[in-house]
Every structure is written in C-alpha cells, then in structure tokens.
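To start, the structure under review is shown below, and the notes come after it.
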Amino acid sequence: MARVSLILPLSPGTLLTAEAIEKFRVCLEEAGHTVEVLGIADPRSPHFPLVAGSWWRSFVAPEPGLASASMAGLRRAKGDILVVLDHHRGYTLTDLSRVIEPLQTRDADLVVASRNASRGAEIRPGRVAVWAGLAARRVIGSTDPFSGLVALTRDLARSAEFEPLGSSFTLELLARAGGQRQDVAVSRGRRASRKRVELDDLRHLKRLGDHKFGNISRLIQFCVVGASGMVVDLSCYALFQWLFSRTNLAAMTAPVVGGSLALAVAGACSIALALIWNFSLNRRLTFSYARRGSLLHQFLGYVLSNALGVGLSFSLRLILPRQFSFFNRHRLAAALVGIVAATGISFSMARWFVFGRRPNDSVEPPLTDEESCDEVTLVGVAEIDGGGVERPQHVGPAHFSSFEPS
C-alpha cells in the first residue's frame, strides 16, 4: 500500500485534539497505509494549538493563511501520496479514503473531494451547485475549487511552483500544479462556518488570474482601473468646466488647438488627475509585481509612454465638438471617445515598457526535501477542568515519523 502524509493546516485559534488526529491515522492504517501526520500552525496564533505525538510532526508556516500552511506541509511531507485536509469542513473518514484511491490506481495525479459533483442517487448536489461546479471545472479543472480536502502525488507537488496566499489551498494547487485531475463526489455534510473574505483571498484570486490568463487578466484589470479613472476624469472635467467658465479663461482662445481656453484648461487638469489615479492603481493592482521598482522612474515612464494616448484623448475632446454638432452639444461624449481610443495605446505601453519586467523572486521554487520550516515546541491538551475548559500544557518537540523520503 501507499505511504501517506496527512497535512492539517490550522487557522489561528484552532484546537486540534489527539482524538481528532488519531481517528484519521487509524482510518488510513486500517486501509494498509503507512501514515504520518503534519500539523502546520498559522504564525498569527498566540500559541501553537497542537498536541504531541510520536508519529507526527508539527511546524509553523512562514506566512499566515491556510494556503501558506498547506504549501509548507507539502514541502516537508515524506509520503508518496500527500493529502491536505481542513478538518473543520466536516469531511468523513470515508471521504478521506476515497480521495486516495485514484492516486493508488494511478488514474489521477490530483484528486479533489467535491461537494458539487454528483454520484448516482447516493450524492446529488443542488441544481445551482451543479451549474456552478460545471463552470468552475471548465475554468480551473474542478467542480469544487474551494474544497477543503485534496490529495496529490509527491512528484506533482515537487514539480509545481507555488505562490500561496489567503485560505484557498485547493485553488492554489489547481492553478499551479498540472497532471491528471479527478473529482471525487463526497457527501455535503457539515459546511464550514461562513467567514469573512479577507484581502489576501482577493489578492490570491487576482494572482491566480494573472498566472492562468496572463495579459487577458491584466487587460481586464487595466480596463477596470481605466473605468474608475474615467469616472474621475469626467467628474473633474465637468466640475472644472463649471469653475473655469466663470473666469476670464472663458473669453480666451486656446493656442494650437483653438477653442475655449477654459475648456482646454479643464481638460488638462482632469486628464492629469485621472493619469495619477490610473498610475497609482495599476502599479498597486494590475502590475503589482512592479511595486519594488522606482516610483519616480515608473511614473515618468508612464507619463512619457502614454503621451500619445493622452494627446489623442486631449485632441479628440477639443476637435470633435468643433467638427460635429452632436459632440458640440455633448462634450462629455467627445471626452469618452478620447478615453476609449487611448486605452489600447496606454495598456500596450504600460505592460511592455513601464511595467514590463517582472522580478523572479516572487515565485517560490519547486518543493524540495532540503527546504524546511522551523520545528516548534508544542502546546498539548491537558484534562478538562470543572468549567469544561481545556487547559493547555507545555510539551516537548514533536517526534518525526518512522519512514524516510525516497
């Protein structure tokens, strides 16, 4: 049978008892597997909420979040089959055994326990869950990309490059690891308590979108930023028109392009503010990998590289009202045409000129046995006192499992 490493990522405040670990171990050993259990604590925990044992190991993840804890466990696991389990999600021992079977028979390299997949009359998810699962499968390769139970081969884990962030470790594995995937239908059981979506979870989705869809993902983000910049531009343009129309600028003629000088100044000010807005958001979100570069150099490059787009936008909002009566009556529409025309030029120059170089140190190297997390001194669970509260007690370091990596 197989050598199985069961990885239990733990969120802050999680208490994992010896009984909980024991039932997983016994289930796998009764199936003939050699088992080790790895508990990976979140570095934000005030203490390490684990128990000591002679057949399991414990570490602290280098970064917060279940995804980081899971990848740390994969890095240290010694088994041929690696199973990551969020034990708060209500998966049964049968579910645990079921995700291992396709790996043993070499039918798959990565198996996801899916509550959105159906299996005859025994397991039938709701209609919404089925359609959501089918859509997710076409995009990411599984009907349940946020599953709390996933198994994969050690070779697949070692070949992938991970950038863990947030709590969705299954989504990270599906996006980064290749191989043959398979969903295993499991009972819906007890759902995890609803928790607040954190900023790291949104950053993780953005990062995975960039990884899977590349420039298409960045173009969508660039357009979203551009849409917000358009709101800033048009709002300021309308405000500045109203302000400058009440000054002496309204009676003056703009040099070179002609037209009202008040209109020209209003356009220049609104474009400048929108340019700063778009640069800030694109540097922070769309091309977030470039934040370590020089802010001044990037801003100057952004301004210079987009001069053509800015000039086109500026010219169209002044020329169109003079050439077409419609745009003379609707000057904001002329500004909108200029913004859309400049978007393609702005994205191309920003992607390949201003933010074109991506640093290599943002991606973790493939997992190797030489990499390690710090082994920790653990907190065991003592007897329950009269008030029903489990009091932790200090215990020694966890012992290593009996088998060694091949």
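As a proxy for reagent exposure, ranking VAL99, VAL354, VAL303 by other Cβ atoms within 10 Å from fewest up yields VAL303, VAL354, VAL99. Distant-in-sequence amide contacts of ALA185, defined by a placed amide H-H separation under 5 Å and a gap of 5 or more residues or a different chain, comprise SER114. If the segment from HIS211 to LEU296 were pulled out straight at 0.36 nm per residue, it would be longer than the present Cα-Cα gap by 27.9 nm. In order along segment 312-320, phi translates into HN-Hα couplings of 5, 4, 5, 5, 5, 6, 9, 6, 4 Hz, rounded to whole numbers, per the Karplus curve 6.51 cos²θ - 1.76 cosθ + 1.60 with θ = phi - 60° and x for Gly and Pro. Whole-Hz Karplus values for segment 212-221 come out as 7, 10, x, 5, 5, 4, 5, 5, 4, 4 Hz, taken residue by residue from phi with 6.51 cos²θ - 1.76 cosθ + 1.60 and θ = phi - 60°; glycine and proline positions read x.
The amide H of ILE7, built 1.01 Å from its N in the peptide plane, has LEU38, VAL83, VAL84, LEU85 as neighbours under 5 Å, considering only residues 5 or more places off or on other chains.
Bear in mind these aren't lab numbers, they're just calculated from the coordinates by the rules spelled out. Remember, predicted model here, so these are calculated numbers, not experimental data. Cβ: placed from backbone, ideal geometry, glycine included. Neighbour counts: every protein chain shown.
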